[in-house]
Every structure is written in structure tokens, then in C-alpha cells.
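The values are calculated or read from the model by the stated rules, or taken from the named source; none is laboratory data. None of these values were measured; they are calculated from a predicted model. FYI the Cβ positions are ideal-geometry reconstructions off the backbone, even for glycines, and counts take in every protein chain you see.
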Amino acid sequence: MEEFIASTLRSSVPLALAGVGALFAVRAGIFHLGIEGLMLASAFTAVGVAHSTESIILAVLAALVVSAVLSTIYWFLLDHLHADAIIVGLGLTTLSVGGTAFFLDVIFGQRGRLDSPVGLPRPIRGADDGAASLVSELSILGWLTPLLVLASFMLLRRTAFGLRITAVGTYSYGARAAGIRESRVRLAAMLCTSVGSALAGVELALGGLSTFSEGITGGRGFIALAAALFGQLHPLATAAAAVFFGAANAIGVVTQVNSIDFVPRPFILMIPFIITIAAVTVSAIVRTQAQQRRMERLDAHEP
Amino acid sequence: MNQHLARLITRLAPVVIAFALAFVLFAATGFSAGSVASGIVEGVFTGRGATTNTIRWSIPLILIGLGIAVSLRAGEFNIGAQGQFLVGSLAAIWVALKWDLPKPWLIFFAIVLAVVAGALWSAIAGVLKVYLGADEVITTLMLNFVAIQLVQWVATGPLRDPFSSGDAASTERLDPSMRVQGSGEYSLELILLTIAVIVAAWSLLERSRLGIAVQLIGANPKAAAWQGLSIRGTQLHTYLIAGGLAGLTGATEVFGPAGRVVTGSTPALGFTALVVATVGSLAVVGTVAAGLFFGGLQAAILYLPIVSDLPPSGLRIIEGLVALLITAQLATALRRRRSTQSPLPDKALNGNQPIEEGIQHVLSRRSRDETG
């Protein structure tokens, strides 16, 4: 059980970071399917820089920069060239899959994986018993995640900046009439997403084994987007959804570690994806019902 | 005709730019752009078996692409073709290896089962979307991952090839006498089947009641509902058609060039087919033309590592760049349905309701629009 809780916490950190990042873009009206690609590119950049410089700070900074540059390209294609958000997002993901493998080969002469000599520090590493053992594997990013979630909450709900993002995505005409420069706000929202995705990628690569392997994200970027939708685009609810999906992932980890094999392994690896489908469906039902109630209420007020 | 030529050029411009960017990258990282370029020309036109390979890859791209075009026309972003294709090929290989029937019947049942399996896999997302409002982009994507694990299970468990080696697990190979096509040839049967599907798709989209309904619903679901069209029924049909065609492709691959089902190493046909349908402006003729173009590209892409020392991942870069740029011009057709800033003043927004409710509105706008 302790193993399961510890594994859930560890699995949910990248999902929470990327999920809370994702909700900025979705709030601004962009259905962001490039998160998987941003995470992958950041994870690779972080390990590549850490491998070359042995500096964890430079690694994190480089990951943030790469993620921001890719996000700016995404934004430019959407806002200035009127491209389709979904196809560009999937294209960005494919580009990252190819690009990371390509540069892994060309720069480092490696196929498949690259190890980093340094990893993210773990504040209370080595605690063996009691409650501390549950979190001893958590990296510094894991400890910072609740703070970042709270900060996102404050940013979205208590600042003009956050309200502008929501306004742009909710009612574009109204936002424009109010004098908001939509394009800039969308860029800002996507940069917020890029920060979340970059940190998620760094955590995946350097939070545990300190290694990058091809396809290390394994669909987590898409699950993070689903977590944002499941959390109704609310930062705290999104973080809760991330923990829920993290638990689904932990089932796979724990069964593998304990070599429980009464069910073939592929079926266990399916669990997070099936749970995601169920969660998206449940949140759609809830939303439709809330919508209907609201419409009824509005109808009742009309003369 | 000139008009068509102009359209063709605007469609292909992003592809050319994507290639140029990729070449710059390859040249900058020390690969000879010349040898890469000549490799592509050889792979598409002049090399040994080039035309055969072009046709070989065009067939699945056209078949899957036509299904995706039907979906996108109705405004349904069904991006689960890869999963539907995999499930279809599993059904086909299972029938081919485990059923004991004379060859024609075996092929017949394998095709029927593959089509049904693909259609049902797609219908999972369809039912969740049409009746419950679950976002089809997420569900179809997730179903792809589930299908990949299913293939993993089948290829390492029930139908495992005991003699396979290397990283990728594989099912047993089909007996050569069962296949309609070896790996270095093309078969008349598959080409005729593809032509039949193209004709069927054309008459469906351009000359049938369902085609008109699809078109109307994609353009304006509310107006279509007022016309008395069954929105949900039509949308569900597009899921069945897209999934059925992807499943059929699974069968053609198993009985044709692939001869087995392998984990991992298959090129992402479903994703390329999405690009094919988009480049083809969701029209039948356009999709076929784009399918031939990307079929050639796929042939060249698989030929490249043979003639130059470019790692295979470089080819994924080309694919990604093409997808990144391809919609930069033709946005209108797609964005009409997916637009996130569609200026729909809604009565839910006219009152002084809190921002949070506005968000709910953004999330549910699409599903509400589409179901009327």
C-alpha cells in the first residue's frame, strides 16, 4: 500500500504540472494537442544539457527555453497563419518524436537512451520508515508542484492577466470590445502552458532515473490535457484529476515491481488510457447536465 | 483547369517548405542534402521497385484517408484511425491463422471481421461523443494507445511468432499461399479493391442522401437539425465508415504486403492518413491525389536510410514538419467546425453570469453545436 501511494504521488507530479499548464491554453480557447511534444522535447533538452554541462539549473533553463520557442511557433501558426490547432498540435508531437531521436543520434551518437550524471535533488531522500518514506522519492519539483498549482489558481482568478485569458477563450468578441489584445493574450497563455509542459518533461527525465529514453512521455501529455478537461479547467480540480490518473498509472508500476502476472501486462498498461476515456465521458455528462440546468434557469427568467 | 492547378500549388507549397526546412536541418547536422534529395527522387521514381512501393503505400493511405475525410466533413475529429487499423488487422490475422476454411471464404470472413472490428472500435468513441458529449479527440487518441497495447498482447501472447527476433514482437506470418501480394510486388486485387472503395466513397459523399446530410451537418448542425436531419444518426454513421475503412485496411495489409502484425515498427499510417485527408481538402479526388503523393513520400522515406546514412528518425521530422505547416493555408474548411473563437453570441453569455460558467460554455460549445 505504501508502495502504491508513493508511486501515485510520483506519477501524478508530471501529470499535474502539464495538466495545470494545459488549462491555460484551453482557457484561452486553444485545444492544445502539442503538450506531449513539448514534454518530450523538454525532457530531451534537459537530459542533453545535463549530460554535457552537469548543471541541473542550466538543464531546467534550457528545457524552459526550448518549450517556449516551440510554443511560440505553435502560436504563430495558429494566430498568423490560421492553421488548425489540432493538426498542428499533432504535428508538433510528431516533430518532437522525430527530432529527439534524431538529435540523440546526431549529437550524442546514442540510439534509444541517454543518461544524465545529475538529477533533480530530493529534499528528504533516504527516510526509510513512517510517512516520510512515502515522499522520500519525490524530487524538488514534486514538492514545488502544490505551490505552482496554487500560484496558477491565484494567477487565473485574482489577476487581470488571468481573467483576460479566460475572457479571450470564453467570448472572443466581448474580449476584443473590452480592448484586450487577443493575440498577445493567447501567446501569454501558451507560454504558461509551455512552462508547465517543460517542468513536466524535466520531472519525467530527471526526477527519477535521470535518463532520457525515446518516447519517455508515453502519452502522458494527452492524459494531462484530459486531466485539465476532467478538472473543468480549474487548477485545483485539475491537480486532483492528475492524482487520480497518477493512481491509475501506479497500478501498472506496482504490479510490475511485484511481478504480479495473473493478468497479461499489456492489459494493465491499458488502464490509464481506459480510465481517461471514462473520466472524459463522466465530465462531459456532468457538464451537459449543468448546462441544461443553467439554460432552464435562464429560460425561467425570460418574460 | 488552371483553377485546379492553382489549388494544387497552394496545397503542395507547405509540403515543399517542410522539405526545404528538413533539408536545411540535415545539411546543418552534416548530412549531404544532395544525397538525401537524390535518395528521395530514387525512392519515388527511378529506384528499383519505386513505383511498386509508391502504390503499396498509397493504397492504405487512400483507404484510411477517405474514411477520415467523411468524418471531418461531418465535423467529427476522429483521429483514432491508427487504433481502428490495428484492431482491424488483429481481426484479420486471427481469422487467417486460426480459422480452418478454404482460402476464398477465409479471406471473405477475415475482411468482414476486420471491417466490423474497426467500425466497432471507432463506434466506442462515436457513441461516447454523440450521446454523452465526450470529446472525440481525446477518446479516439486514448483508444489508439489501448489498441497498441492490444497488439502488444496478441503479438507476445496468443499469436506470438516463436521465431521472431529483434525488439519488435510479431505475430506468426501468414502462409505465402494465403497472401495476395508479397513484399516486393503489387497485386491487381488490392488495386481493384481500392478503386471500388474510391468509387463507393465518391458516390456516397457526392450522390447519396447520407453524403448530403454529412455535408450539411458539418457546415451548420443547427440548420441541419431544423431541416429534420438526424444529427446523431449521421454522425454515428461517419464513425462507422471511418472505422470500417481503417479496419478494411488492416485486412489488406495482413493479406497483402505486411503478411503479419508487428508491434512498434509500423509507420504511423493513421496519422499520415489524417494529413492526406486534410491536404485533399476532404474531397474524394483530392484525397486520392494526396494519397498517391504521400504514398510516394512514404516509399521514399523508407528508401532513404538505404542510400544515405540518415537515421530513420530524420524522416519523422519531415512528417512532423509537413503536418505542422499543412493547414497553414487551408484553415477555413476545418476551422469552421473547430474554431475556438467562433463568434456565437449565446444567450448563456448575455446575462451577468460569473466567468466560471463562461468556461463551461467554452467546453460544451462544440458538443452543443453539433448535436443541435
Subset of the range A:3-31 (residues that are part of a helix (DSSP H, G or I) and within 13 Å of chain B (Cβ to nearest Cβ)): A:G19, A:A22, A:L23, A:F24, A:A25, A:V26, A:R27
Flag if A:F44 is under 16 Å from the mean Cα position of the chain (by Cα) and within 18 Å of A:F108 (Cα to Cα): yes
Of all residues making up the range B:16-51, the number that are away from every other protein chain (no Cβ under 12 Å), under 15 Å from A:V106 (Cα atoms) and among the hydroxyl-bearing types (S, T, Y): 1
Subset tally (residues that are of a type outside the set (V, I, T) and within 12 Å of chain B (Cβ to nearest Cβ)) for the range A:168-226: 22
Of residues in the range A:150-209 being part of a helix (DSSP H, G or I) and of a type in the set (D, E, K, R), the one nearest to A:R122 (Cα to Cα): A:E203
A:F273 vs. criteria free of Cβ contacts under 8 Å to residues at least 60 places away in the same chain, farther than 16 Å from A:S7 by Cα and outside any helix (DSSP H, G or I): no
Considering residues of the range A:285-302 that are assigned to a helix (DSSP H, G or I) and of a type in the set (D, E) only, the residue nearest to the other protein chains (Cβ to nearest Cβ): A:D299
Which listed residue is within 19 Å of the chain's Cα centre (by Cα), more than 28 Å from A:I275 (Cα to Cα) and among the basic types (K, R), from A:R220, A:R186, A:R164, A:R158: A:R186
Any hit, the range B:87-95, residues being touching a residue at least 60 places away in the same chain (Cβ under 8 Å), part of a helix (DSSP H, G or I), in the same structural domain as B:G291 (by TED's automatic domain parsing) and not hydrophobic (A, V, I, L, M, F, W, C): yes
Matching residues in the range B:28-40 - criterion: being surrounded by 14 or more Cβ atoms within 10 Å (Cβ to Cβ), within 16 Å of B:A300 (Cα to Cα) and free of Cβ contacts under 8 Å to residues at least 24 places away in the same chain: B:A33, B:A37
